[in-house]
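Asks: Below is one structure. I have some questions about it.
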């Protein structure tokens, strides 16, 4: 029985954690929300990140102006950065279960 439980635990989907490998690379973009300067988009993003946590995905969100390679005017929720496109593609398959419009993009986060 212990072996069966251990096998089930090892095969269960693992949460997608924000990567600590760097700020430059491939990002899984989960959603973007138009930033009108009010708190409403930030509240929407907080709710979205809660939905992602329920799916075992720990999203990172920031103003899109903090990324080189993205169009301005949005808040974005991402997972990454992954050093290779293949790793990002692998995470994308997991992310699309809860964020069907997710896609990958190469970009650099400017940091704090």
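Asks: Between 8, 40, which is at pLDDT 95 or above and exposed (fewer than 15 other Cβ atoms within 10 Å of the Cβ)?
Replies: So the residue among 8, 40 that is at pLDDT 95 or above and exposed (fewer than 15 other Cβ atoms within 10 Å of the Cβ) is 40.
Asks: When you scan region 62-69, do you find a residue that is touching a helix residue (DSSP H, G or I) at 6+ places or on another chain (Cβ under 8 Å) and modelled with pLDDT under 95, even just one? If you could, list the steps in order and put the result at the bottom.
Replies: Step one: of region 62-69, the residues touching a helix residue (DSSP H, G or I) at 6+ places or on another chain (Cβ under 8 Å) are none.
No: region 62-69 contains no residue that is touching a helix residue (DSSP H, G or I) at 6+ places or on another chain (Cβ under 8 Å) and modelled with pLDDT under 95.
Asks: Taking the condition of being crowded, with 19+ Cβ neighbours inside 10 Å and either closer than 16 Å to residue 41 by Cβ or without any contact (Cβ under 8 Å) to a residue 40 or more places away in the chain (or both), how many residues in region 76-112 meet it? Talk me through it step by step, then tell me what you get.
Replies: Step one: filter region 76-112 for residues crowded, with 19+ Cβ neighbours inside 10 Å, giving 76-82, 88, 91-92, 94-95, 99, 102, 104, 107, 109.
Filter once more, keeping what is either closer than 16 Å to residue 41 by Cβ or without any contact (Cβ under 8 Å) to a residue 40 or more places away in the chain (or both): 76-78.
Number satisfying all stated conditions: 3.
The values are calculated or read from the model by the stated rules, or taken from the named source; none is laboratory data. Since this is a predicted model, take the numbers as computed values, not measurements. So basically every Cβ, Gly included, is an ideal-geometry build from the backbone, and we count neighbours across all protein chains shown.
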